[in-house]
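These notes are about the structure you will find just below.
Each reported figure results from applying straightforward, stated rules to the coordinates on display, with no laboratory input. Everything quoted here is computed from the prediction, not taken from an experiment. Virtual Cβ from ideal backbone geometry, glycine too; neighbours counted across all protein chains shown.
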């Protein structure tokens, strides 16, 4: 393998804190402002030969926030070096915010993998190095013995970051500070040394390149000339080229290995389309990253785009006149999940939510339904991953539009979308989905005699939001914070919520009532089920979920807390005694630090005592151990409930409970009633 990739994330998502004098006048009304006029457009891709380091494919990701919506298609490979850059002359709080944002961004987009190691460390951690630019002797008067700038405050900041993210990333032990006025500064030497060593480490664990790779790379230039105006071919076309022009004996496995290696060296981008089942190979990564994404999502283009977000083929054609078939580009934008057809019967017109700038009207949620039942929830990223859902919301709006196209009865439904807000109606039920701070808020209301139907409608909306968020950022854990139905019905401007810990504690106490953040108690069935006892009977409470069904996020949290030795012995070893697994301790302990002892114990418990191994019982044991921190971590990361699909409803039950929404997502982690 010739090289690996470097993912550089320059600039910051906190562009609102930048100098507004740098904003182009035509972009002044946009919700997001670039830091300066020379910001990176999209993804700048360059293949370079760095003296003393070797060859690299360098992907620089622009910090302008609208671009972040599509970065998940390009970020997440653990066989890359990720460089998180910041300006060393920015105020310390801005530096920390920027670094924290990008670390959370990367954590969300790297799919965690098993097995879980000691203290919750995931398998194959990504390599990360933090680099500060614009350093100078004025800012940093102190140097180490190698001549590199040093600063105790920056060292303390990095230690905080490493402690917070060490389970997911292998982070270099120091921040490298670069003097922008001196390309030969000691910091640059340190950076090159790190790149060289890490490159060798990554290459050593990769599969040996096929002999076919060099011939394919050479042939890529021929393909690019043939497809100069639109450098994209389908996956079947690519495999036929490999067999017809390069090696007739190449099998499907050879072609897959070749495409993975071509991606690593920056020659192509492979785009997977789960819905159409037709994947694409982009022959020129720079064309997609800069010419298409960089232009369409730039501040300059957004300032002139159609404010309703609707574009026909005739609207797209003048933007890219060199592309003879604008529908081909539409397919790529659809594969990137940037757009969705406005009509399932006609895909000539699409909606691009990132272009929507219109604000929702003041009467979007009128106080004219006093007899309706109300329910609501805010879907938050897990604690510590704030600002993780903002860039995901346009993708949620794409999923909403796609669900409308698959609606069981399109004449019975409607969807209107604005900037960071959508409203869907299904019959006489209404749902309002909007970005609210760090969360996605969902509100649903409908007639009291259709309470069960309202439940399914909201459950479908929650699953659509969560599935989309997980597809974009599989490393984000999500929490459901239900809202007070009483205060929603009263149209309170700031309705109280029910924290996941409170909901789980209520279940442990076998109570019917749960207390909200205002200290008021409401019935659990009102909060979750719109008051429907028929629905409540179908729920499996979170405390009754089997330990064997715990998601990776929960297991990593427990391993992180219980694997380290505790001064009072309240760690995995005493947990083994409480779980009656003392006979398994020698085998568990023999694995050393390669595997999490806590995770192994819980797996053994689920196998040997499946009837006892529930979330509720585990939480009781953790509380007895005095490990309330581990119990609360479990409360926050397990589903608050599961429920039976519609097919499992007792005969004679309301068969119209299905909301009719069809999810465009491929996964269904909570067993939703969404139709397939």
- Query: How far apart, in nm, are two points set 7 Å out from the Cα along the Cα-to-Cβ line at residue 509 and at residue 324?
  - Reply: 7.2
- Query: Relative to the present Cα-Cα distance, how much length would full extension add between residue 124 and residue 277 at 0.36 nm per residue of separation?
  - Reply: 52.2 nm
- Item | Ranked packing of 590-596, 239-245, most packed first, by mean Cβ within 10 Å | 239-245, 590-596
- Query: So what is the relative contact order for the range 547-637, in percent, with contacts set as C-alpha pairs under 8 Å and at least six apart?
  - Reply: 42
- Message: Relative contact order for the range 372-534: what percent, with Cα pairs under 8 Å and sequence separation of 6 or more?
- Response: 28
- Message: Using the basic label-point model (7 angstrom from Cα toward the beta carbon), what is the residue 612 to residue 215 distance in nanometres?
- Response: 6.3
- Rounded to the nearest Å, what's the spacing between the alpha carbon centres of the range 137-194 and the range 567-585? Just the number, please. 41
- Item | Difference of contour (0.36 nm per residue) and Cα-Cα distance, residue 301 to residue 240 | 18.2 nm
- Message: Is the C-alpha gyration tensor of the range 461-524 telling us rounded, prolate or oblate? Criteria: a/c under 1.5 is rounded; beyond that, a/b larger than b/c is prolate, otherwise oblate.
- Response: oblate
- Task: Kindly list the residues of the range 43-60 that lie in the label zone of residue 196, defined by a backbone N under 15 Å from the point 7 Å along the Cα-to-C-beta vector.
- Result: 49-56
- Applying 1/(1 + (r/R0)^6) with R0 = 41 Å to the Cβ-Cβ distance of residue 594 and residue 501, what FRET efficiency is obtained, to the nearest 0.05? 0.80
- Peptides 390-401, 211-222 ordered by average Cβ neighbours within 10 Å, highest first: 390-401, 211-222
- Note on the structure: From fewest to most C-beta neighbours within 10 Å, the residues 138, 82, 73 line up as 138, 73, 82
- Message: Need one number: nm distance between label points at residue 308 and residue 490, each 7 Å from Cα along Cα→Cβ, rounded to one decimal.
- Response: 4.0
- Note on the structure: By the C-alpha gyration tensor axes a ≥ b ≥ c (rounded if a/c is under 1.5, else prolate when a/b exceeds b/c, else oblate), the shape of the range 3-205 is rounded
- Just check the range 547-637 against the gyration tensor rule for me: Cα atoms, a ≥ b ≥ c as the square roots of the eigenvalues, rounded for a/c under 1.5, and otherwise prolate or oblate depending on whether a/b exceeds b/c. rounded
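Sorted by average packing, counted as other Cβ atoms within 10 angstrom per residue and highest first, what order do 378-384, 59-65, 41-47 take?
Going from most to least packed, we get 59-65, 41-47, 378-384.
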- Query: Normalised by the number of residues in the chain, what is the relative contact order in percent for Cα pairs under 8 Å and 6+ residues apart?
  - Reply: 13
- Fewest-first ranking of 71, 96, using other Cβ atoms within 10 Å as the exposure measure: 96, 71
- Message: Per 0.36 nm of contour for each residue apart, how much would the distance between residue 368 and residue 50 grow if the chain were fully extended, relative to their Cα-Cα spacing?
- Response: 107.9 nm
